[in-house]
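Input: a single structure, listed below in C-alpha cells.
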2 protein chains.
Amino acid sequence: MRKRKRFELDENEMPKKWCNILPELPKPLPPPLSPATNEPLNPKELEALFPKELINQEISKEHDITIPKEIRETLQDIRPSPLIRAQRLEEFLKTKVRIYYKYEGERSPTGSHKVNTAIAQAFYNTKEGTESLTTETGAGQWGSALAYACHLFDLNCKVMMVKASYDQKPHRRTIMELFGAEVHPSPSSKTEFGKKLLSEDPQHPGSLGIAISEAITLALKQEQTKYSLGSVLNHVLLHQTVIGLEAIQQFQMAENEFLGPDFIVGCVGGGSNFAGLAYPFIREKMRNGYEMQAVAAESTAASKMSDGDYRYDFGDTANMTPLLKMYTLGSEYIPPPIHAGGLRYHGVAPSLSVLINTGNVSPMKYKQQTAFEAAEIFAKSEGIIPAPESAHAIAAVIDLARESKNEEKTILFNLSGHGLFDLLGYQKYLANELE
Amino acid sequence: MRKRKRFELDENEMPKKWCNILPELPKPLPPPLSPATNEPLNPKELEALFPKELINQEISKEHDITIPKEIRETLQDIRPSPLIRAQRLEEFLKTKVRIYYKYEGERSPTGSHKVNTAIAQAFYNTKEGTESLTTETGAGQWGSALAYACHLFDLNCKVMMVKASYDQKPHRRTIMELFGAEVHPSPSSKTEFGKKLLSEDPQHPGSLGIAISEAITLALKQEQTKYSLGSVLNHVLLHQTVIGLEAIQQFQMAENEFLGPDFIVGCVGGGSNFAGLAYPFIREKMRNGYEMQAVAAESTAASKMSDGDYRYDFGDTANMTPLLKMYTLGSEYIPPPIHAGGLRYHGVAPSLSVLINTGNVSPMKYKQQTAFEAAEIFAKSEGIIPAPESAHAIAAVIDLARESKNEEKTILFNLSGHGLFDLLGYQKYLANELE
C-alpha cells in the first residue's frame, strides 16, 4: 500500500502578493456595463456596494498586489494549505501519471477555499468604516466563510440563503449562526422583489441569482452597509491566487525542478477556486511558455462554459448588477437542484471567460452521478471525502489520468473543500437515489 | 487580534515506540476476571476475540513497545497532528495562562483520534489472518474510524450501531458505508440477546453496552472473525499514546525548555483520548517528578469517575466481557441521550481507574449546556467547531484558566475531534432546545 506524500510550506513562505491576471490576459477584459445606460461602468458607481480598495483591485493593472500584513497574519491561521501527492489514487488508477492536489478544506474553519477572500473583504470593509456586510449563499459554503470572517473583524453579517437550502440544509445555517451571522431564507419579505416572488409562489425555492438581488437591495438601503460577493469578480479571484502561488513553490519541492504540471484542473461555479489555483500557473505559461493544459470542470446542470453564450449578461435575476461579458446560460436560468450547490450559477467570471474564449482554458462537464463515483474512488484511496463541487474536478482528473495512463505526466488539481456537510448527497448516492 | 501559533513535527519525527503505562502505575493493575469462574483471566481465553499480538500488548510490562513500520507509514498519512497555542482563546479569557491544544481532528479521515488505534488493530488482525472485524459504535466516531482502517487493510467490517444513533444520525452511517462497512442497528435480530430485547420492546433505542454484547456474539460465531474495541482496554490506550509523545516534543518547541504543562486535560468516555495525551506526561511526572495536574473531564450524564464505585464490573450489558476493576455506574446503567455520544459509557479504563484511585488524575464533570457554551467560545476564538465530547475538556480548560488568571501557568488539552458531524447538537444549543 503506497502512502500519501505531503509538501508543506512554513507560514512565512505564504505569498506576500496576490497574482493579478488582468494585465496578462491575451485580450483586454471587456468592461462591465452600467445596467442603466448600457455604457461602460464608471467605477464610482460601485462605491455604494464595495469599499474603494476592492474597486481598485477590480480594475487594477498591477501585476502583483501586496497582501496587507493584517490579512496575511489572519490567513496564517489557516494557510499555507498542503500540497499532497495522491499516490494511492495513482495506484488505484494504475497510471504512471503523478497526481497532486492542493487541499483547501483541511484547515479552513468552514471547510473550503472561500475563507481566503472572505477574510480579505472583511478586512478592507472594516478599514473603510463598513459596519455590516450582506451577501447571498446557496448551499452555504460562501455564507459560512463570510460569517466567520465578519466575526473576526467585528462586522455584522446578514446572509440571504437560497430557500431550498435554508430548509433542507440546516447545518450550514447553524455554522453561520454559531459565528454570529443573521441568516434569512430567500426569497424573503425583506425586499420588494422577494415579496413579489413570494406572492406569485409562497413556496418559491429561490435561487442564487434571486438571493444576490436581495442581498444587494439590503446593502443599498442600510447605512454603513456594503455587499460582498464570493466569486466571479476580479478582486475575489485575485484573493484566491494564494492557492496557486503556494502551489508553485510546493510543486517545485515535489518535482525538484519547475516543469509546471502538464494539467491543472479545478471545478467551476463562478470560477474562484479554479482561478485561485490556475491563474499563477497560467501567468507562468504566458511568460515562459511552458506546455500546460488548464481544465475547468463544470456540472451538466449548469454547463455555461460548454454550452452557454459568450455575451453581456446580468449576474443576478432582478438584473440589478452591472452587465458582465461572460459565458452564460442567461440570468433567468434556474439550474436543477444538484448537491454541488456551489456549481449552480448561470454565468462565470469575465476573466476566466476571456481565457476560455482564447483557448487557454478548456471546459469539461460532468453529470452528478459521475462526480459522486469519482468522489467515492477518491475517498477510498485518499481518505478524504470531497465536496460534491470538488468531485467534478476529480472526475476530470480521473479521465485525464486514464488517457495518459502510460505517460510521465503530472496533474495538479484543487480539492477546494471537504464533503462533511454534504453527506446527505453521499447517502443518496450510496442508495442509488440521486436525482 | 492575536493569531494562533502552530507547532508542527515532520513525519519522521513521529514516535517510533508507544508509551506503555502499565509498568509505571503506582499500584499494580488488578487482573481482569473470567466471567465464568470469577478467577483471574487466562490471556488465552481472549484469543477467540483478539489477535495474539494485541493480547500481548494488553498484559505487556515493557516500558516502550515498537510501532511496526507498516503502522507508522499508514499513520503518517494523518500524523503528526499539530500542537496549537490558543492565543485568541487566551485573549478572550483575559488570562496570563498559556493554553495549548493537540488537535486530532484536523487530518483524521473521520474527524477524531479513534483512527490511531483503528489502524493498529486492523494491521495486527490482518497479520494474523483475520478476515472480518466486528465492533460497536454509539454516535459513530469509532465505527467510522474502524471502517476506514478495515478498508485500508482489506478487512470486512461489521458495525453494530446503537439504534437511536442509527435512526437519528445517518451521516456517520453514510461514512462507514462509503468506506465499505456493513452497518446494523442494535439491538438487532442477528443475536439471541438482540432478539430478546426487541421482543420486549420493538422500539428499543439500544445502548453501547448492548451493542458490545452483540458485536462480541457475532465475532464468536463467525470464522476468521475477531472483535475490535475502541477504548477502555490497555492496548487501545497504548496506541493513542502517539498523541502525548508527539506533544512532549512540540511542547518543548513551544516553551523552549521542557517544564511540562502545569495542567493536562482531556475528556473521558472510556479514557482513550485522555490517556493518549496524558500517559506520556504522567510517565515523565512519575520518573522526574515535575509538578503537574491531570484533569479528566466527564459528562454529568455518565459521571462514573466522580460518582461511580471502584469495583469489578462487566464492560457490556449482557455480561459477556471479562470483569474489569474500574470506576463504574453499573453495566446496566443507560445514560441519558446527550449529544456527546462518546461519553455515554458506564465504566472507564482500568489503568485510568488506578491513576484516579491513587490521586494522580482528578475528575471534573460538566453538564451538556456548559460544554456547548465552552464550545461556542472556542469556535468563535479559535475557528474550530469542537466535537461535543471534546467540548467537555474545553469547559474544564476554561475553568482552570480563569482560576489561574494571573499566573504564568500552562494548560495542554486534547481537542480529540471536530464537531462537523454534530451540528444538530449545536443547532439545538443555539435554539435553547438542548435536553
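The values are calculated or read from the model by the stated rules, or taken from the named source; none is laboratory data. Predicted model, so just to flag it, every value in this text is computed and none were measured. Ideal geometry is used to build each Cβ from the backbone, glycine not excepted, and the neighbour counts take in all protein chains shown.
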Enumerate the pairs (first residue in the stretch B:210-223 and more than 11 Å from B:Ala48 (Cβ to Cβ); second residue anywhere and of a type in the set (Lys, Arg)) with beta-carbon separation below 7 Å, excluding pairs fewer than 6 apart on the same chain, so at least 6 apart or on different chains. B:Glu214/B:Lys190; B:Leu218/B:Lys158; B:Leu218/B:Lys190
Need the failing condition index for A:Phe421 against (1) within 12 Å of chain B (Cβ to nearest Cβ); (2) in a helix (DSSP H, G or I); (3) buried (at least 23 other Cβ atoms within 10 Å of the Cβ), just the number. (2)
Can you report the number of residues in the stretch A:10-33 which are modelled with pLDDT under 95 and in contact with a strand residue (DSSP E or B) (Cβ under 9 Å, 6 or more places away or on another chain)? 1
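I need the full set of residues from the stretch B:362-396 which are within 16 Å of the chain's Cα centre (by Cα) and either among the hydrophobic types (A, V, I, L, M, F, W, C) or away from chain A (no Cβ under 14 Å) (or both), in order please. Steps first, please.
Narrowing the stretch B:362-396 to residues within 16 Å of the chain's Cα centre (by Cα): B:363, B:386-394.
Correct list: B:Pro363, B:Ala387, B:Glu389, B:Ser390, B:Ala391, B:His392, B:Ala393, B:Ile394.
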Would you say B:Ile338 is closer than 26 Å to B:Ala211 by Cα and more than 14 Å from chain A (Cβ to nearest Cβ)? yes
Under 8 Å between Cβ atoms, at least 6 apart or on separate chains: pull out the pairs that start in the stretch A:402-424 with a residue that is within 18 Å of A:Ser108 (Cα to Cα) and end on any residue that is among the acidic types (Asp, Glu) and buried (at least 21 other Cβ atoms within 10 Å of the Cβ). A:Asn414/A:Glu104; A:Leu415/A:Glu104; A:Ser416/A:Glu104; A:Ser416/A:Glu389; A:Gly417/A:Glu104; A:Gly417/A:Glu389
In this structure, is B:Ile243 surrounded by fewer than 22 Cβ atoms within 10 Å (Cβ to Cβ) and within 30 Å of B:Asp262 (Cβ to Cβ)? no
So for the stretch A:51-63 (the condition being farther than 20 Å from A:Gly260 by Cα, modelled with pLDDT under 95 and out of contact with any strand residue (DSSP E or B) (no Cβ under 9 Å at 6 or more places or on another chain)), does at least one residue qualify? no
Only one of (1) surrounded by 24 or more Cβ atoms within 10 Å (Cβ to Cβ); (2) of a type in the set (Phe, Trp, Tyr); (3) within 17 Å of A:Ile84 (Cα to Cα) is not met by A:Tyr279, so which one is it? (3)
Within the stretch B:84-95, residues being surrounded by fewer than 21 Cβ atoms within 10 Å (Cβ to Cβ), more than 14 Å from chain A (Cβ to nearest Cβ) and touching a helix residue (DSSP H, G or I) at 6+ places or on another chain (Cβ under 8 Å) number 2
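May I ask you to verify whether A:Ser81 is under 28 Å from A:Gly143 (Cβ atoms), touching a residue at least 60 places away in the same chain (Cβ under 8 Å) and within 11 Å of chain B (Cβ to nearest Cβ)? Even if it seems obvious, please write down each step before you answer.
Values: under 28 Å from A:Gly143 (Cβ atoms): yes; touching a residue at least 60 places away in the same chain (Cβ under 8 Å): yes; within 11 Å of chain B (Cβ to nearest Cβ): no.
Judged against the criteria, A:Ser81 is not a match.
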Taking B:Glu389, is it modelled with pLDDT of 95 or more, surrounded by fewer than 24 Cβ atoms within 10 Å (Cβ to Cβ) and in a helix (DSSP H, G or I)? no
Return the residues of the stretch B:110-139 that are buried (at least 24 other Cβ atoms within 10 Å of the Cβ), within 11 Å of chain A (Cβ to nearest Cβ) and not aliphatic (A, V, I, L, M); say none if nothing qualifies. B:Thr110, B:Gly111
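Counting just the residues of the stretch B:106-146 that are in a helix (DSSP H, G or I) and within 17 Å of B:Ser186 (Cα to Cα), which one comes out modelled with the lowest pLDDT? Before the answer, list the steps.
Narrowing the stretch B:106-146 to residues in a helix (DSSP H, G or I): B:115-127, B:141-146.
Narrowing further to those that are within 17 Å of B:Ser186 (Cα to Cα): B:141-144.
Working: B:Gln141: 94, B:Trp142: 97, B:Gly143: 97, B:Ser144: 97.
Within the stretch B:106-146, the match that is modelled with the lowest pLDDT is B:Gln141.
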When the residues of the stretch A:166-182 are filtered to those that are assigned to a helix (DSSP H, G or I) and acidic (Asp, Glu), which remaining residue is nearest to the other protein chains (Cβ to nearest Cβ)? A:Glu177
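Condition check: farther than 23 Å from A:Pro337 by Cβ, out of contact with any Pro (no Cβ under 7 Å at 6 or more places or on another chain), without any contact (Cβ under 8 Å) to a residue 12 or more places away in the chain and more than 14 Å from chain B (Cβ to nearest Cβ). Does A:Lys195 satisfy that? Lay out the reasoning, then the answer.
Working: farther than 23 Å from A:Pro337 by Cβ: yes; out of contact with any Pro (no Cβ under 7 Å at 6 or more places or on another chain): yes; without any contact (Cβ under 8 Å) to a residue 12 or more places away in the chain: yes; more than 14 Å from chain B (Cβ to nearest Cβ): yes.
The answer is yes for A:Lys195.
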Is at least one residue of the stretch B:168-175 touching a residue at least 24 places away in the same chain (Cβ under 8 Å), touching a Gly at 6+ places or on another chain (Cβ under 8 Å), surrounded by 24 or more Cβ atoms within 10 Å (Cβ to Cβ) and more than 13 Å from B:Phe421 (Cβ to Cβ)? no
Quick one: is A:Ile334 surrounded by fewer than 24 Cβ atoms within 10 Å (Cβ to Cβ), of a type in the set (A, V, I, L, M) and farther than 24 Å from A:Val236 by Cα? no
Is there any pair with a first residue in the stretch B:11-25 that is within 14 Å of chain A (Cβ to nearest Cβ) and a second that is surrounded by 17 or more Cβ atoms within 10 Å (Cβ to Cβ) whose Cβ atoms are under 6 Å apart and which are 6 or more apart or on different chains, and what are they? B:Glu11/B:Gln76; B:Met14/B:Arg79; B:Met14/B:Pro80
Those residues of the stretch A:226-282 which are part of a loop (DSSP other than H, G, I, E, B), farther than 21 Å from A:His346 by Cα and not polar (S, T, N, Q), in sequence order: A:Glu257, A:Phe258, A:Leu259, A:Gly260, A:Pro261, A:Asp262
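Just a yes or no: is a residue in the stretch B:411-426 among the aromatic types (Phe, Trp, Tyr), over 25 Å from A:Ile78 (Cα atoms) and either modelled with pLDDT of 95 or more or out of contact with any His (no Cβ under 9 Å at 6 or more places or on another chain) (or both)? Before you say what the answer is, go through the steps one by one.
First pass over the stretch B:411-426, keeping only residues among the aromatic types (Phe, Trp, Tyr): B:413, B:421, B:426.
Cutting the leftovers down to over 25 Å from A:Ile78 (Cα atoms) gives us none.
Within the stretch B:411-426, none of the residues are among the aromatic types (Phe, Trp, Tyr), over 25 Å from A:Ile78 (Cα atoms) and either modelled with pLDDT of 95 or more or out of contact with any His (no Cβ under 9 Å at 6 or more places or on another chain) (or both).
For the stretch B:298-383, give me every one of the strands (runs of 3 or more DSSP E) that falls completely inside it and has 2 or more residues that are more than 22 Å from B:Asp399 (Cα to Cα).
Details: elements: B:309-313, B:324-328, B:361-366.
Here the list reads B:309-313, B:324-328.
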Please indicate, with yes or no, whether at least one residue in the stretch B:402-409 is at pLDDT 95 or above, within 14 Å of chain A (Cβ to nearest Cβ) and either outside any helix (DSSP H, G or I) or in contact with a helix residue (DSSP H, G or I) (Cβ under 8 Å, 6 or more places away or on another chain) (or both). no
Could you grab the pairs with beta carbons closer than 8 Å, sequence gap of 6+ or different chains, first residue in the stretch A:252-273 and within 20 Å of A:Asn234 (Cα to Cα) and touching a residue at least 40 places away in the same chain (Cβ under 8 Å), second one in a strand (DSSP E or B) and hydroxyl-bearing (Ser, Thr, Tyr)? A:Asn273/A:Ser112
Failed item in (1) of a type in the set (D, E, K, R); (2) within 14 Å of chain B (Cβ to nearest Cβ); (3) free of Cβ contacts under 8 Å to residues at least 40 places away in the same chain, with A:Glu47 passing the rest: (2)
Looking at (1) surrounded by fewer than 17 Cβ atoms within 10 Å (Cβ to Cβ); (2) touching a residue at least 24 places away in the same chain (Cβ under 8 Å); (3) within 14 Å of chain A (Cβ to nearest Cβ), which is the one condition that is false for B:Lys61? (3)
Which condition does A:Ala318 not pass, out of (1) among the small types (Gly, Ala, Ser); (2) closer than 30 Å to A:Lys221 by Cα; (3) in contact with a Leu (Cβ under 8 Å, 6 or more places away or on another chain), if it passes all the others? (3)
